[in-house]
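Q: Below is the structure I would like to discuss, written out as structure tokens.
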Amino acid sequence: MSELLNDILFLPEAASTFAERIDTLHHFVVGTTMVMSTAVGLAALFFFFRYRRRLPAQATEYVVPTLKTEFLFVSVPLVFFLAWFGIGFRDFTWVTTPPKDAMDVYVMGKQWMWKFSYPEGPNGVNVLHVPANRPVRLLITSRDVLHSFYVPAFRIKMDALPGRYTQIWFEATKPGTYQVLCTEYCGLSHSKMLAEVVVLPQEEYENWIQEQRRGRLQDRQDALADNSLVPPVARMVEQGQVLAGTQGCLKCHSVDGSQHIGPTFLGMYDRVEQLEDGQSIRVDEAYITQSMMDPGAHLVAGYQNVMPTYQGKLQGPETAAIVEYIKSLRTPNVREGASEGPAYDAIQ
Amino acid sequence: MQSSSHAAGGAALPVPRLAGHFASLEVQNHAARLGMWLFLATEILLFAGLFICYGVYRFLFPEAWAAASRSLDLTLGTINTVVLITSSLTAALAVHYAKEGKNKMVAVQIALTLVMAVGFLVIKYFEYHHKFEIGTLPGRFYSYEGIQLPGVPLYFTVYFCSTALHGLHVVIGMVVLAFSMVRALKKADFGPNNYTMVELGSMYWHLVDLVWIFLFPMLYLV
Amino acid sequence: MTPSSSIAAPGATPAPEEHHDHHPNYLVDGTTIKSWLLTVDHKRIGLMFLFWVLLFFLVGGIFALLIRVELLTPGPTIMDAMTYNRTFTLHGLVMIFLFMIPAIPAVFGNFMLPLMLGAKDVAFPRLNLLSLYIYLAGAMLALWGMLNGGLDTGWTFYTPYSAHTTTTVAPVLFGAFIIGFSSIVTGINFIVTCHTMRAPGITWFKMPLFVWAIYATSCIQVLATPVIGLLLCLVTVENLFGFGMFDPARGGDPVLFQHLFWFYSHPAVYIMVLPAFGVMSEVVATYSRKNIFGYRAVAYSSLGIAFVGFFAWGHHMFVSGQSTFTGGLFGVLTMLVGVFTAIKVFNWVGTVYKGAVDFRTPFAYFCGFLFFTVFGGMTGIALGTVSLDVPWHDTYFVVAHFHFIMVGATIMAFLAALHYWFPKMFGRTYHEGWGLVSAALIILGFNATFIPQFLLGNNGMPRRYYEYPERFQALNVASTAGASLLAFGFIIIAMYLTYALVYGKASGKNPWRSKGYEWMSESPPPTHNFVGPQPVFPEEPHFYVDPKKAEVPDAV
Amino acid sequence: MGIANESREEEQNMREEHHGAGRYWLIWGLLLVLTVVTVLTGRIHIPTWGLVLALVIASTKGTLVLLYFMHLIDHRGANRLVFAVSILFVLLMLAIPLVDLGTRYRGATPPGSTYSDLQALDIGADAQEGRYGGAIRKEGKMGEESGAPKQ
């Protein structure tokens, strides 16, 4: 029955728990609308025919409604509308209040793509993998203008606003691939801002994410480890962490993303920093090293030039260790608990 | 005001002239007054938009708002308030004398109002000038190092938008009042039955004053 | 002159026949161009508005057809993405600001209001003329901006996009700002006219329902338009200088922009549709020869819509990042607007009860109107049902919904008014057969255009899409086909009405034998509407009871 | 015959109202006193209720101006209604967005990240201007920068 109705109404496949709730209400609303308007329409047609004009200047009776009739006119629609609203608002509250055990995914809209990231990695562009039958909370933001994250099959939609997060959640019921569309006009290629949600069965999802995380680690190690003779990166990182404490780096730079005297180390590596002089720079090994030796050379916007130089205070390997330590704090672009907040990109 | 202008169109006709489509003079005056109140309602809603921006951003950035408002010159603001309130008094007196047919006094009172209006604008100019000097300017033009809090540039956006819009209304009000003054001097035909023009002009002026009465504590005394 | 002229209410003093020669009708009283351009006669101003409004309707309609042709295929069809984005923006802007908002109030409101109140003119005739020229000035500035590249923000110009797009935003927004003044001036004028210019005998609850609707509309115009005026200025300044009022990078809140925008733009929907309701109240009463069933209920519901409609704006923002609580608040208020509309619908149908229906062209449009209002209204309520809006928001479902209620109902009323008052305005009649045929075409075409769009929305097609996934194509083709039918209907109307304007048969004073107040004067009326002292109106409008057995029960 | 009833009432109201000029001076005095009061209380910077107090005083002043300078006390009927409705709308229009802000979901905004942490919107070269309370001073004089934004 409901399948048939969905076909008549051209509704896409319902693939989330919310979709089922929505469709029930949808059918109820469409049903009552049809019944009521057919009744009104038939009454009108009957009147048009029954009371057709017989004389050109026919006189008619003076008919006014009784108070009871008018009361009926007001109360019947009001009861129906409020009933719809009651159900609708209950569902709306439901879909905007994620359950406690929901898995978080960060979603960032950008002209004209969607970026997805999981708190512990990995990142992805335009493809979101989620497990089936598990609540997923989307924390949505934007880097430039307004976007809106819409998955027709899940019946969910939420605007992406620059400068803050919005949230919505869903629980996919069927494995499969579903389309994501942007529904808030966002410029030239608005209609090309498509993405996919891939719903995987729980085990497959676990495998996938393991693989992704391993792959990332592998990539990084491949890139860094030139041969087996140099100390492993992990050891350098440890060394760097100790050094950062003893050399006083952590007095001004936090590692948890909180605001302090200097920029946080968390996620610093590979980040594009806006500089005091209006230019921007990508934080790489060279920049980190330079900042330790000549802190005022490229000051990040919003920070005072108060850092002392470490020229001569650090040995070469020590510097490298600190650099490695900072690199190890590299995080996905959207993170939980990051101090940077949603970034707000340039519009080209 | 336009309604009074067609009441005032004829040169040699007995005062006041009834426009052809009105049933009587009572109706004509009533229409003019009601039209003016409606117009004032639109003005109130125009400023309301800025008041809402103010309210919302003050809610978001209370500290920035307090700090930024302290950077304004309270003395100049207070003087301006007094000037504007006094100009409102003279505008009200102009209506009073217009009803009594004392056209000379009408012109004098409006002239006083205009002088104070100019005074208001001059003081405002000095306030603006100071802001341009130190760089407390809206949005991306903000460059003042004294206060560096998130939301401060937004305060100055609201400050400049609302005071500039208010200043524009001061200028319009001056033009309107100047017309009544010229008429009081040249034709000298205001009297118990013909004072709508002065009345409406003065109502507009009071609205300008009214807006300032709210802007002053909002901007200077957060 | 038909015998029906004797139907005029006893005691009324319409212009006596013998004065006819000395008091030429307004169309021929002065034939120079100057006498038209500088007229303060509300009827001539109304006609000039009619001319411009129809011209802009044509412009907006061409944009609409371009959009529909572009959407025939999933990929690029006739234009590139940028042109398409500009086209739908301009379609929205032209249709809303230049056509829909002034369409009924400035044309028919202007023409009929004084006639219905037994006044010689509106309260401020010069302001009335001024509003026409303000409208034209704003329109020209906006058009100039459109020709110089146009803008691609959508008619909603949401920040931060509108503040950063490199297209020509400033002149168009400033043009819209100027048009706002025209709207305000018209509104003030009509409100004052209703308060002060009513002829003896016309108490508040004897005003024709069209006047009530225009009155409620004017209240909205006066109270809402200043807010959009300010907002347009702020966005222009933002676009030109970057003051950061709604820029997240400087602490601004884009959702605040949406609040302010919809504070005007939601009531603006009622600016468009309330006058349509008013027109239909007149039409249904005239053609079924009945007093309006529940006159007071209809009158009060106009005011109710005007008031509650102001505080339902947030239903455009359920998924825009406003709070869940606020969503609920706006949802409930939206339901109330729906109830007020439902009252009207029931009372219109009730009016036909025990009436005497003459199925003429305006009545055909009334049938279409009823259909669009019921389905447009009900889908509106469905959209206001907060959770259902989540999948529907910003899809073609919304597009179809507002085209049904806002455009469909208004176009039906506009065409009904044009046909119903054509004899009143020009003293000529059109061909009834063509009228019915084109009405059928238009109603069919409209449904064929927008019913597929409801389904498209259900299926998940977002609005403002230049390209779309292939699964949406079939319905898009259907919609485009419907649009061409619609265009065809309008061409027929344009042809037979133009013909009637020149060669139409003289209609006589009151061809519909209507007892609306406006039919008491000549058709077309003389320059000052009536000759001699102000007429007296002892009876309520649309009083069709046989005088011999007239016994009026107390109205509710 | 010949006029709407409202206009006649209005005319009667207006006829009764003429009085001496003393009343205006009295109101003026009151307004000045209230201005002094609001400046004094404003200087103290009362934490929460400072703005409320200032607005109460402003409303009192506004009411005085309205009732006596603008003669709303003599104007009855529609004039009052128009004004009352516009004030009501302003209040509702202010209240609803504030309610929205007060009840919005903020949980997902990371700690320490306020609106001010955002990267600047980059229209041209002056991406940094006006951020963080506008800490960035550019080379050259401020006057010319504000006068002519370079693009």
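The values are calculated or read from the model by the stated rules, or taken from the named source; none is laboratory data. These figures come from a predicted structure and were not determined experimentally. Here the Cβ positions follow ideal geometry from the backbone for every residue, glycine too, while neighbour counts run over all protein chains shown. Each accessible area value is taken on the protein alone, full model and side chains, heavy atoms only, with ligands, DNA and RNA left out. Shrake-Rupley method; radii C 1.70, N 1.55, O 1.52, S 1.80 Å.
Q: Mind checking how much accessible area C and B bury in total, 1.4 Å probe, in Å² rounded to 100?
A: Separately minus together, C and B give about 3000 Å² buried.
Q: Membrane-span-like helices in chain B: DSSP H runs reaching 24 Å or more (Cα, own axis), mean Kyte hydropathy at least -0.5?
A: The qualifying helices are B:25-60, B:74-100, B:103-134, B:152-186, B:196-220.
Q: With everything on Cα atoms, drop me the angle between helix C:432-459 and the longest principal axis of chain C, reported from 0 to 90° to the nearest 10.
A: 30
Q: Using a 1.4 Å probe over the heavy atoms of the protein chains, calculate the carbon and sulfur portion of the accessible area of chain C as a whole percent.
A: 71
Q: Using a 1.4 angstrom probe, figure out how much accessible area the range B:63-119 has per residue, in square angstrom, rounded to the nearest whole.
A: 32
Q: Here is a follow-up. Using the heavy atoms of the protein chains alone and a 1.4 angstrom probe, what is the accessible area of the range A:228-328 per residue in square angstrom?
A: 52
Q: Let me ask something additional. Using protein heavy atoms only (no ligands, DNA or RNA), what is the total accessible area buried between D and B, 1.4 Å probe, nearest 100 Å²?
A: 6100
Q: For a quick protection proxy, order the peptides A:53-60, A:8-15 by their average other-Cβ count within 10 Å, most packed first.
A: A:8-15, A:53-60
Q: Can you give the Rg to Rh ratio for the range B:24-220, taking only C-alpha atoms and Rh from Kirkwood?
A: My calculation puts Rg/Rh at 1.06.
Q: Still on this structure, please answer the following. Highest mean first, what order results for C:213-226, C:28-41 on Cβ atoms within 10 Å?
A: Highest to lowest by the protection proxy: C:213-226, C:28-41.
Q: How shielded is C:511-522 by partner chains, expressed as the average number of their Cβ atoms within 10 Å of its Cβ atoms?
A: Mean shielding count: 0.
Q: Considering the options A:TRP112, A:VAL127, B:LEU38, tell which one lies farthest towards the positive end of the dipole of the protein assembly as shown, charges being +1 on Lys and Arg and -1 on Asp and Glu at the Cβ, about the Cα centre.
A: Farthest along the dipole direction, towards plus: B:LEU38.
Q: With the contact rule set at Cα under 8 Å and sequence spacing of 6 or more, what percent relative contact order holds for chain C?
A: Here the relative contact order equals 21 percent.
Q: While we're looking at this one, here's another question. Over all alpha-carbon pairs in the protein assembly as shown, figure out the percentage whose distance exceeds 44 Å.
A: That tail contains 46 percent of the Cα-Cα pairs.
Q: Computing the accessible area with a 1.4 Å probe over protein heavy atoms, can you report the carbon and sulfur percentage for the range A:103-214?
A: 47
Q: Using a 10 Å cut-off around each Cβ of peptide D:81-88, what is the average number of partner chain Cβ atoms that fall inside?
A: Mean shielding count: 6.
Q: Ranked from highest to lowest mean number of other Cβ atoms within 10 Å per residue, what is the order of the peptides C:96-104, C:53-61, A:102-110?
A: C:96-104, A:102-110, C:53-61
Q: Can you tally the lysine pairs in the range B:24-220 where the Cα-Cα distance is under 14 Å and the two residues are eight or more apart, or on different chains?
A: Lysine pairs, 8 or more places apart or on different chains, close enough: 4.
Q: What does the convex hull of the alpha-carbon atoms of the range D:5-77 project to on average, in nm²?
A: 5.6
Q: Determine which lysines satisfy two conditions relative to C:LYS505: a Cα distance under 20 Å, and not lying fewer than 8 residues away in the same chain.
A: Answer for C:LYS505, where 20 Å is the Cα cut-off: C:LYS424, listed by chain and number.
Q: Next question. Helix by helix, which DSSP H runs in chain A go 24 Å or more along their axis at the Cα atoms and have an average Kyte-Doolittle hydropathy of 0.5 or more?
A: Span-like helices, by this rule, are A:17-50, A:67-96.
Q: Could I ask something else about it? Going down the list C:LYS43/C:LYS509; C:LYS206/C:LYS548; A:LYS100/A:LYS192, which pairs span over 28 Å between their C-alpha atoms?
A: Beyond 28 Å: A:LYS100/A:LYS192.
Q: For chain A, set up a GNM with springs between Cα atoms under 10 Å and report which of A:LEU78, A:LEU275, A:LEU128 has the largest fluctuation.
A: Sorting by GNM fluctuation, first place goes to A:LEU78.
Q: To continue, here is another question. With a 1.4 Å probe and every protein chain kept in, tell me what percent of the accessible surface of the range A:228-328 is carbon plus sulfur.
A: Solvent-exposed carbon and sulfur of the range A:228-328 make up 55 percent of the total.
Q: Taking the Cα-to-Cβ direction at B:SER71 and at A:PHE46 and moving 7 Å from each Cα, how far apart do the two end points lie in nm?
A: Between B:SER71 and A:PHE46, the label points sit 7.3 nm apart.
Q: Relative to the longest principal Cα axis of chain C, at what angle does helix C:170-196 sit, 0 to 90 degrees, rounded to 10?
A: Long axis of C:170-196 versus the principal axis of chain C: about 30 degrees.
Q: Taking the DSSP beta bridges in the protein assembly as shown as the whole, what percent of them are antiparallel, to the nearest 5?
A: 70
Q: With only Lys, Arg, Asp and Glu charged, each at its Cβ (+1 for the first two, -1 for the last two), find how big the charge dipole of the range A:228-328 is about the Cα centre; round to the nearest 20 debye.
A: 200
Q: Gaussian network model of chain A, Cα springs within a sub-10 Å range: biggest mean-square fluctuation belongs to which of A:THR264, A:THR24, A:THR32?
A: Of the options given, A:THR32 has the highest mean-square fluctuation.
Q: Just want to confirm a number: the relative contact order over chain B, from Cα pairs under 8 angstrom separated by 6+ residues, in percent.
A: Computed value for chain B: 31 percent relative contact order.
Q: Calculate the mean, over all residues of peptide C:162-168, of how many other protein chain Cβ atoms lie within 10 angstrom of the residue's Cβ.
A: Average per residue, whole number: 3.
Q: Can you find, among C:PHE157, C:ALA103, C:SER484, the residue farthest towards the positive end of the dipole of the protein assembly as shown? Put +1 on the C-beta of Lys and Arg, -1 on that of Asp and Glu.
A: Going by the charge dipole, the pick is C:ALA103.
Q: Kindly compute the accessible surface that chains A and C hide from a 1.4 Å probe when together, both sides summed, and give it to the nearest 100 Å².
A: Counting both chains, the buried surface is close to 7600 Å².
Q: Calculate how steeply helix C:361-384 sits against the longest principal axis of the alpha-carbon atoms of chain C, using the helix alpha-carbon long axis, and give the answer as 0 to 90 degrees to the nearest 10.
A: 40
Q: In percent, what relative contact order does the range D:5-77 have, based on Cα pairs under 8 Å that are 6 or more apart in sequence?
A: Reported relative contact order: 50 percent.
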